[in-house]
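Single-structure report; data block below.
Quick note: the coordinates plus some simple rules give every number you see, no bench work behind them. Given the structure is predicted, the values throughout are model-derived calculations rather than measurements. Cβ atoms come from the backbone with ideal geometry, glycine included; neighbour counts cover every protein chain shown.
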Amino acid sequence: MKNANKFLALFLALAMCLSLGATAFAEETEGAPAEEASAVLDLAAIDEMDYDEACETIYDYVLGDFAAAYDEAKAETGDLRMAKMAVAEAKLLESGVFLPIYTQGGNYAMSRRVPRTNADTTLWGLDEYRYHTLLVTNELITSEDRTQLLTLWNEAATADDYIAAAKEYLTGKGYTFADSYIESSPYNVNIWDTIATSYTSDSMFISGTYDNLLEYDAKGVQQPGLAESYEVSEDGLTYTFHLRQGVKWVDQQGSEIGEVTADDWVASMEHLLDNSDALGYLLTNTDGCGLLNFTAYLNGEITDYTQIGVKAIDDYTLEYTLEAPFAPFTTMLGYGCFAPLNRDFYRSQGGTFGCEGETYTPGDFGKTPANIAYCGPFLITNYTEQNTTRYEANPTYWNADKMNIHSMEYSYNDGSDVLRSYNEARDGVISGAGINSSALELMKSEKPEGQDQTYFDLYSYVSPGNGTTYCGWWNVNRGTWANYDNPDVGVSPKTEDDIARYRAAILNQHFRLALSMAFDKGSYNAISVGEELKLARLRNSYTPGTFQFLTADTTVSINGEDTTFPAGTAYGVIEQAQLDADGYPIQVWDPEGDSGAGSGDGFDGWFSADNAKAELEQAVAELSAQGVEISAENPIYIDYPYGSYSEINTNMANVVKQSIEGALDGAVIVNLIAFDKDTDEEGATYRFSAGNEGNFDLSTNSGWGPDYGDAQSYLDTIQIYGYMCKNIGLF
């Protein structure tokens, strides 16, 4: 189990339920019809528990139905597994612990980046941030030409065919090709050690510095990387990779420091074992592939790390062994937990390995770009915090012939200047940009020199969505009312009575659903992308509705009734069937979406003032029986942090406040908690390790993208002790 601090909740100042000694549940009987009577948490008993026990009890209370359905789904294989995963996710959404809001993309953009010339259609892993195959033009690409390029992509049999066709087409249209790609980024890098971080905001900066065993190409097909080939044993347990010989490790200056060998993955595993906040959960037998003995080692059941299922058979033969067959295993290989680590360089930085009996320290490894080794396409030649990260081609890179750019740059942009990205993309300072609502008006009025049409008419397109789902997270177990790392920042204005009443209300399912249904996602999104596209990137489920499709006719039980879904049925269709059967007015699938193909994106299937009021009415009755009154005269207060340094963030925060307060007739008041520094806002809502460190009642600053090609990659994060549970205040 994860270590955490003692539960820090304030003493509940209301007599909400009778103490029942060792149990944390009481039967609610007064104030609700007998058929609706249900157990409620005894918060006095919760306060007597240690942190983990309290979290486990609250988790079972708010997510028990999901957990039971999910355990059943994970026991299955193939199409039945997918169908039961969708049923389990319906139960998850019904709990109301979070609200899916939007995915990335779905906004107007203009760019010099040639579409789909890297792995940006792969919805999992980090290959979408490996830009070495990217084609970039010196000229902005017109909307018309972009459409034709996507047609060429659809027609191409292979990635090489498409890239060749794109070059030919663009050359014929008078475009010239750039040797550099420059992208604007709002992120700060916390650590340069890809094995020791689980944050995309770190990993995207590091991903071009190393290669993986396999990598996805521009057509979404996995290709040889540092492994030239591999085979799988007949029992599906052992994967043997044959490594590419002669690949060099170099330092930041490009000086050779060693050869890539199978021991680099053994060293990586040893380092991973020392990093509890990294992506090791992907290797456990509950959260991921079930690497042989990995979980047993973490639990102390075995102490010999050589029994873990990663072996260097010889210098160029690497073997991974699983505890049970796991078909999506190879789709995981693009993540940092499968990155190689040069053992000698790591030790030269003062790094040690706890599993070898040493006192663990990473030393200086990963502190700066000078403190890592490189075996990928790029070297980081300059890094200035909140300014510039500059990359140049690795002169020893084994796959140099496939590189279409030879330098790249991340340019820091905190969003405080709402026109900056547009201006820089227009002027060629960066290679492209998404267009926010403020810049959209300018784009629609400005014309390039010598042109009769505007930049919008000539160059705009709607960027595609991806696999990341950003959510609004309701903190059901808040443990701090100021930033855990800076108690003078983000101080809540709530009284102890306000805190106690919120604590009771947020544990009520109907209250949580009322909040989610009162959140106007479309108006919230319109602030950043404009009214025309306010629905374009909205997402209504955690796992995208088109993430998986049945390969054969499949029968699954929906509330005891066997229901057969035909081959080709999307994940979202089954999820919607369960929601409908349970009587929840949540729409996660539109059969007419995406031009009739069907989609779970592009509409708001949650927001409804009428449904929000109906849910609140049920919550008011149930909470009244606990002695908690909710009304416009006695509202529940909710703290919502936002970045006041950004006009867009400020306006979005005001939409949250106005929509929730308006839909619920003032029975809920949203306190907007301003942060004038993005680092402080991240500390409150994003960069915290344990649930009781999150300084919010509602946060919209965190999302999840898949790590591999199975719905488990999403749902594991919300199972007990799952990584994203910290966003709802647990574990």
Lys613 versus Glu231, label points 7 Å from Cα toward the beta carbon: distance in nm? 6.9
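Can you give the FRET efficiency to the nearest 0.05 for Lys402 and Val462, using r as the Cβ-Cβ distance and R₀ = 25 Å? Provide the component values of the computation, followed by the final result.
Details: r = 29 Å, r/R0 = 1.17.
The computed FRET efficiency comes out at 0.30.
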Using modelled amide H (1.01 Å from N, peptide plane; none on Pro or chain starts), what sits under 5 Å from the amide H of Ile302, excluding residues fewer than 5 places away? Tyr297
Under 5 Å between amide H atoms, partner at least 5 residues away or on a different chain: which partners does Asp485 have, H built in plane at 1.01 Å? none
Distance from the Cα centre of segment 678-719 to that of segment 143-190, in angstrom? 33
Going fewest to most other Cβ atoms within 10 Å around each Cβ, Asp639, Asp364 line up as Asp364, Asp639
With each pseudo-label sitting 7 Å past Cα toward Cβ, what's the Ala327-Ala597 distance in nm, one decimal? 2.2
Karplus couplings for segment 217-230 from phi (6.51 cos²θ - 1.76 cosθ + 1.60, θ = phi - 60°), rounded to Hz, Gly and Pro as x? 9, 5, 9, x, 9, 6, 10, x, x, 6, 9, 6, 7, 7
Hey, which lysines would be in cross-link range of Lys534, C-alpha to C-alpha under 23 Å, not counting anything within fewer than 8 residues on its own chain? Lys444, Lys521, Lys657
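Exposure proxy check: Thr569, Thr717 ranked by fewest other beta carbons within 10 Å?
Details: Thr569 22, Thr717 19.
Ordered by Cβ neighbours within 10 Å, fewest first: Thr717, Thr569.
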Spelling out what I want: for every residue of segment 62-73, take phi, set θ = phi - 60°, compute 6.51 cos²θ - 1.76 cosθ + 1.60 (Karplus), and round to whole Hz; glycine and proline get x. 8, 10, x, 5, 4, 4, 5, 5, 6, 4, 5, 5
What's the percent breakdown of Cα-Cα distances in segment 459-530 across 10 Å bins, shortest bin first? 14, 31, 32, 17, 6, 0
With viscosity set to 1.002 mPa s at 20 °C, what whole-number translational diffusion coefficient in µm²/s follows for segment 194-371 from Stokes-Einstein and a Kirkwood radius over Cα pairs? 129
Sorted by chain and number, the residues with a modelled amide H under 5 Å from that of Tyr461, at a separation of 5 or more or across chains, are Ala109
Cut-off is 10 Å between beta-carbons; in what order do Val97, Val556, Val655 appear when sorted fewest neighbours first? Val655, Val556, Val97
Check the straight Cα-Cα distances from Lys219 and name the lysines below 18 Å, setting aside those fewer than 8 residues away within the same chain. Lys167, Lys402
In square nanometres, what is the average projected area of the Cα convex hull of the chain? 31.2
Determine ³J(HN,Hα), in whole Hz, for all residues of segment 186-202 in sequence, where each value follows from phi through the Karplus function 6.51 cos²θ - 1.76 cosθ + 1.60 and θ = phi - 60°; x replaces Gly and Pro. x, 9, 9, 8, 8, 8, 9, 9, 5, 6, 9, 10, 10, 9, 4, 5, 8
